[in-house]
Structure formats: C-alpha cells, structure tokens
Amino acid sequence: MTVKKKTRQNPRHVIVIGAGVAGLAAAEQLSSSGCNVTILEAQPRVGGRVFTLQDPMTYSPVELGAEFVHGKPKEIFSLANKDKLKLIEVEGQEWRIEEGSLQHPRDFFSEVDKVLRQMKRRKKDRSFQEFLEECCPTSGQEAQKKWAAAYVEGFNAARLNEISVNSLVQEQKTEEKIEGDRAFRIEGGYQKLLNSLCSRLDPRRVKLLLNRVVATIRWRKGEVWVETHSLPEQASESFTAAAVVVTLPLGVLQAGAGEPGYVRFDPPLPAKVQRAAGLLRMGQVVRITLCFRESFWESTPIRGQSALKDLSFLFSSDPVFPTWWTRMPERMPVLTGWSPSTRSAPLWNKPASFICAEALAALGRLLGIERSFLEKRLASFYTHDWHSDPFARGAYSYVAVDGEGAQRLLAQPVEQALFFAGEATEYEGHHGTVHGAMATGYRAARQVVESMDHSHQVRAGS
C-alpha cells in the first residue's frame, strides 16, 4: 500500500538531494546559517561516489570509489586537522611494462609532463587527441606521447577525442596551487572524512533520509516540491521547501526519460542549463581491489628480474587494466586495478566474478605470472559497477571540447529555487575530486543563504 506524506514548508527550509560529500557539506553550511535541512539520499548509505569497505583479513580499507587526496586542498586538510585525521602520502617506486619488458622509469610523471607542458590555451579549443597529433613532431617523442595519452585517459577517465585541452590547461594551473603532484590517503579510508562531515550536521536542524529516490522536482521562483519513493517499500512522499540543492551526479542529471536514475524537472530545466550539462561528459571507470594472502610481488621475481619490494604504481598498455597500485607506504597484500574510459567498456554491466577473472588475466599478463598462481593466493576481491549504478551512472566528469564555461553556468542558481552542487559544477579546475565536490557544496549553501537574505530584505522594504 502506498502512503503519501507531505512536509510543511518553512521559509528557511532547504532540501538537499544527495548525501555525497557535496550534499553533506552543503547541509552543514546551511544548518550553521540557521536553515532547516532535509537530505534525501537514494542509497542506504551516505557518501555517494565515496564508498569505503573494510577487508576482514587484511584489515585494509577498500575504496570502491574515491581513494586519493590530490595535493593539499584546504577543504580536506582543514577538516583533517580539526578532527585529527591522519593523511598518509603515497610513496614507493613506479614501474612500467613496455613491449613485454619490466622497466623502472626514473620519473614516469616527469616524462608525461614534458608533453603536457606543451599544451596552450587557445581561443579555438581542441581535443587532446588533436593536440597530440600536432605536438611533439620528432619521432623520439612518440613514447612520451603514448604515455601522456595513457595518463590523460586514466587520470581523467576521458575519451581522448572528446576532452578539452583548454580544460586540461586550467587543471594543470589549479593543481600547481595545491601541490597536485602529491597524493595522499586518509588513514582508515575516506569513510573517516564522511564521519567528520556527518558529525557536523546539527541534528536539531538536519534530517537525513536514506533510501529516498527522487522522481520529480517541481519548482517555481522561491518554492520547490520534491516527490520521492522510498526503498524497498515504494511508499511515495512529497517534500516542500523554499529551495533545493541538487547534487545529482552529471550522469544522472543527463539521463533521459525512462533511463535508470532519471529525475524529472517540472518545468524542465532552462535551455542554457541543459546546454551546459551537454558540454560535459561523465567519465567511466571500472576498478577492482584484489586482496591476497601475501604480497607476492615483494618476494617473487617479476618477469625474471628482481622482486618489486617497494612497488607503488605499475603502468602498462594493457587493453583492459593498464594501471595498478599498492597501498604503499603501508605494506599490505592488496593490489588495485584501474580500467578507465573505453578500456572499461567490455566490463560494463558484467558480474563481479567476470571482472575479477579479467583483472587476474591482465595482472598475469603484465607480471608474467600464471593466472593459477594468482588465484591460489587470492583471498577476496571488491568492485562496484558505477556505470550501471542508477544513482551515479559513471565515475566523474570532464569537460568536452568547447565546453569552457559550462561548469560555471551549471553552478548558477535558477529562479532562487534550484541550486546545483557536485564535482561537475566545480569550475576552477578541481572537478572530478572529493575536495572539489566539497567546495561546491559550500558554494551552493552560500548562494542559498544569500538568496534568502536578499528576498527577506526585499519583502521588508516593500
């Protein structure tokens, strides 16, 4: 039996759609500014594309979504300092497999950087694929171009013929400001950051409702109605507020009627907002974490050479899982495989057992080790299909050619009713990151409060 409920409108009541880091950050900022907040989250958990599990054998945090803290962003580091979260910098040696040979590059990223530094912002944008075809004319740079392409594809989860060079140039400049060439992990996993964000929600002002799938957002200037159905009961509910902060992932925002995750806006979003969303792309990634009974790579000679005792990253041209990494400097028998962009297509909508089999086959190819050797030592594995997850529909966003300004446009409020947050609305070069998502949550909350204060002043003066 379906029961329909309706909440009473409050002039400073705000609905936040999504309990990812953007939604949690927005809710914290709104409640501290005197607003009452209802968070509607479709999943039975908070975090969105931050999803941490604990492996019972290795006691290692397993990240099914975001894992690294890129650089030293103030959003994460200030919170870590306040709540005494420990950040561990990634260390160890980088190796790569090239033409069947194990090579220890002096500095993989500096080689890639030689190509990326040749990118220049142009009035007429171009794709990274076009840039590669024009740059580095000498044949001696073909290897550098190949690894630069692999890096952009892997790091941005992007199709090379679609991603904007202008956006990559901006991304480079932004990373330099926060020491983006460094990477960290939060000890205990990203769940610790989620705990910190949740602890800041004032229970007197914030109501967090899980298993609430948003179906329709009706809106007009200064008022919104959000219709949901709850899982698993399928009971419908309607919530009314003065404004809504929408943190839906780009893939969900782009979904069409009848597609999984689709949310209907009534009236439809303005044409300029729809155009902005259309100039962005949702990158796809399949990642898998393999937990072994021992760190065999630290003692077993790889490809007839020495063991990889301090292995951090392993790069290759494997068609499915080209990139692998360990937990260094923490020594744990754990390897994570990364299948970005079109390489991951054969894994979409496949059972976890199929993905594991493909990952083991790829790892065996790269290390020159029999798959049976790996299977005997495998204790457990973890993966999550973000592509087919109706509440994500992908990993994270990137900017398509001629998409400059799309994120900023997407971040603009609509009729003092709709406010947008989430990493795809970050327009300073931090999109695709946890700290970027947090920053947009804070920004959207400020926009809401300023809008409400302005409306109050107008009413008081009339």
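The values are calculated or read from the model by the stated rules, or taken from the named source; none is laboratory data. None of the values given here were measured: they were computed from a predicted structure. As a convention, Cβ positions derive from the backbone with ideal geometry for all residues, glycine included, and neighbour counts pool all protein chains shown. Note: accessible area is taken over every heavy atom of the protein model, side chains too, but ligands, DNA and RNA are not part of it. Shrake-Rupley method; radii C 1.70, N 1.55, O 1.52, S 1.80 Å.
Distant-in-sequence amide contacts of residue 311, defined by a placed amide H-H separation under 5 Å and a gap of 5 or more residues or a different chain, comprise 93. Per residue, the Cα convex hull of segment 50-119 amounts to 183 Å³.
Using the beta-carbon distance between residue 331 and residue 169 and R0 = 56 Å, what value does 1/(1 + (r/R0)^6) give for FRET efficiency, to the nearest 0.05? Between residue 331 and residue 169 the formula returns 0.90.
Contact order, relative form, for segment 111-218: 28 percent (alpha carbon pairs under 8 Å, 6 or more residues apart, mean separation divided by residue count).
Note that segment 88-217 shows a convex hull volume over its alpha carbon atoms of 233 Å³ per residue.
Heavy atoms only, probe 1.4 Å: what % of the accessible area of segment 341-462 goes to carbon and sulfur, would you let me know?
That share works out to 52 percent.
The dipole here belongs to the chain: it is taken about the Cα centre, uses +1 on the Cβ of Lys and Arg and -1 on the Cβ of Asp and Glu, and is about 1280 debye. Here the convex hull built on the C-alpha positions of segment 268-322 has a volume of 147 cubic angstrom per residue.
Legend: calculated FRET efficiency, residue 210 to residue 141, from the Cβ-Cβ distance at R0 = 41 Å, rounded to 0.05, equals 0.20. In this simple spin-label model, placing a label point 7 Å from the Cα along the Cα-to-Cβ direction at both residue 81 and residue 182 gives a separation of 1.3 nm.
Helices in the chain that qualify as membrane-span-like (whole DSSP H runs, Cα extent of at least 20 Å along the helix axis, mean Kyte-Doolittle hydropathy of 0.5 or higher) are 352-367. Restricting the GluC sites (Glu not before Pro) of segment 348-429 to loop positions (DSSP other than H, G, I, E, B) with no more than 15 neighbouring Cβ atoms within 10 Å leaves 370, 415, 428. Solvent-accessible area per residue in the chain equals 44 Å², computed with a 1.4 angstrom probe and all protein chains kept. For the chain, evaluate the Debye formula with one uniform point scatterer on each Cα (no solvent term) and list log10 I(q)/I(0) at q = 0.13 Å⁻¹, rounded to two decimals. Relative scattering, expressed as log10 I(q)/I(0), comes to -1.22. Helix-only arithmetic for the chain: the sum of -39500 (n - 2.57) across DSSP H runs with n ≥ 4, divided by the residue total, places the mean residue ellipticity at 222 nm at -9500 deg cm²/dmol.
Across segment 52-190, C-alpha contacts under 8 Å between residues 6 or more apart give a mean separation that, scaled by the residue count, equals a relative contact order of 41 percent.
Restricting segment 51-117 to GluC sites (Glu not before Pro) that sit in a DSSP loop and have at most 14 other Cβ atoms within 10 Å of their own Cβ leaves 91, 99. Here is the list for segment 47-139: chymotrypsin sites (Phe, Trp or Tyr not before Pro) lying in DSSP coil, each with at most 10 other C-beta atoms within 10 angstrom of its C-beta, are 59. R0 = 45 Å: FRET efficiency of residue 130 with residue 223, Cβ-based, nearest 0.05? Computed FRET efficiency for residue 130 and residue 223 comes out at 0.45.
Structure note, pairs 74/207; 120/177; 309/376; 114/173; 124/272; 74/309: Cα-Cα distances above 24 angstrom occur for 74/207; 74/309. Per-residue extension of 0.36 nm, minus the Cα-Cα distance of residue 402 and residue 271, leaves a gain of 45.4 nm for this segment. Computed on the chain, with alpha-carbon pairs under 8 angstrom and 6+ residues apart, the relative contact order is 25 percent.
If you take every DSSP beta bridge whose two residues both sit in the chain, what share of them, in percent to the nearest 5, is antiparallel? Antiparallel bridges: around 65 percent, rounded to the nearest 5.
Return the carbon/sulfur percentage of the accessible area of segment 203-322, one whole number, probe 1.4 Å, all protein chains in place. On segment 203-322, the fraction of accessible area on carbon and sulfur atoms equals 51 percent.
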